[in-house]
Amino acid sequence: MLTQIINGIIHTPSGWLKDGSIIISDNKILEVSNCDRPVVGAKIIDAKGMYITPGGIELHCHGGGGRDFMEGTEEAFRTAVATHMQHGTTSIYPTLSSSSMPMIRAAVATTEKLMAEKNSPVLGLHLEGHYFY
C-alpha cells in the first residue's frame, strides 16, 4: 500500500522543501518531490505546517521499554526495539555491556536472529567493553 505525506516542510540533503510530498511503500521512501498533488489510491497524510525529517539510526542503546538487551531474550529485544521504533528511530544497533560470555553469546544469537528477518530494523551490534579473555 502506498502512503503519501503532503504539505509538510521536508528536510533533504540540499535543504528544506516546503509543501513537498513523500511517497512511501513498505516502510521505504520511494520519492521525495515538490509536487504535493495526491497520488490516486494512496493513503494521504496531511502534514501542513509540520517538519518532516529522516528517521534516526540508534547507534548506542542498551534497551528500551523497560527491557535491557543483555537479557538476551527475543522478547526483551523485540520490546526494546519496538519502543525505539515508536519514537522516530528507523534502525538500531543494540549495545551489549561487559558481562559473562554465556550472557553475551545469548544476546549475540538473538541479534543474529532478528537481523535475519526481512526488513529488520536491527542492523548490527555494538559490543561495549572488554570481552575477550
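The values are calculated or read from the model by the stated rules, or taken from the named source; none is laboratory data. All values derive from a computational prediction rather than experimental measurement. Backbone-built Cβ (ideal geometry, glycine too); neighbour counts: all protein chains shown.
Couple of notes before you dig in:
- When H60 is tested against (1) over 16 Å from the mean Cα position of the chain (by Cα); (2) farther than 23 Å from K118 by Cβ, exactly one condition is not met: (1).
- Single residue of the stretch 83-108 satisfying the filter (in contact (Cβ under 8 Å) with a residue 24 or more places away in the chain and more than 13 Å from M70 (Cβ to Cβ)) that is farthest from the chain's Cα centre (by Cα): Y93
- Hits in the stretch 95-112 - residues which are in a helix (DSSP H, G or I), in contact with a strand residue (DSSP E or B) (Cβ under 7 Å, 6 or more places away or on another chain) and not aliphatic (A, V, I, L, M): T111
- Any hit, the stretch 122-133, residues being in a helix (DSSP H, G or I) and either in contact with a Pro (Cβ under 6 Å, 6 or more places away or on another chain) or at pLDDT 95 or above (or both): no
- Failed criterion for Q4 (all others in (1) over 30 Å from A107 (Cβ atoms); (2) at pLDDT below 90 hold): (2)
- Considering the stretch 7-41, and only residues there that are polar (S, T, N, Q) and on the phi > 0 side of the Ramachandran plot, the residue that is modelled with the highest pLDDT turns out to be N7.
- Filter pass, N34 being outside the structural domain of K113 (by TED's automatic domain parsing) and over 24 Å from I92 (Cβ atoms): yes
- Tally of residues being of a type outside the set (V, I, T) and under 17 Å from L127 (Cα atoms) across the stretch 31-63: 6
- Pair list, Cβ under 6 Å, 6 or more apart: the stretch 11-39 residue of a type in the set (D, E), other residue outside any loop (DSSP other than H, G, I, E, B): D19/N7; E31/I23; D36/I6; D36/N7; D36/D19; D36/S21
- Of residues in the stretch 39-85 being in contact with a Gly (Cβ under 9 Å, 6 or more places away or on another chain) and in a loop (DSSP other than H, G, I, E, B), the one nearest to P13 (Cα to Cα): T53
- Filter pass, I92 being within 24 Å of L2 (Cα to Cα), assigned to a strand (DSSP E or B), β-branched (V, I, T) and in contact with a strand residue (DSSP E or B) (Cβ under 6 Å, 6 or more places away or on another chain): no
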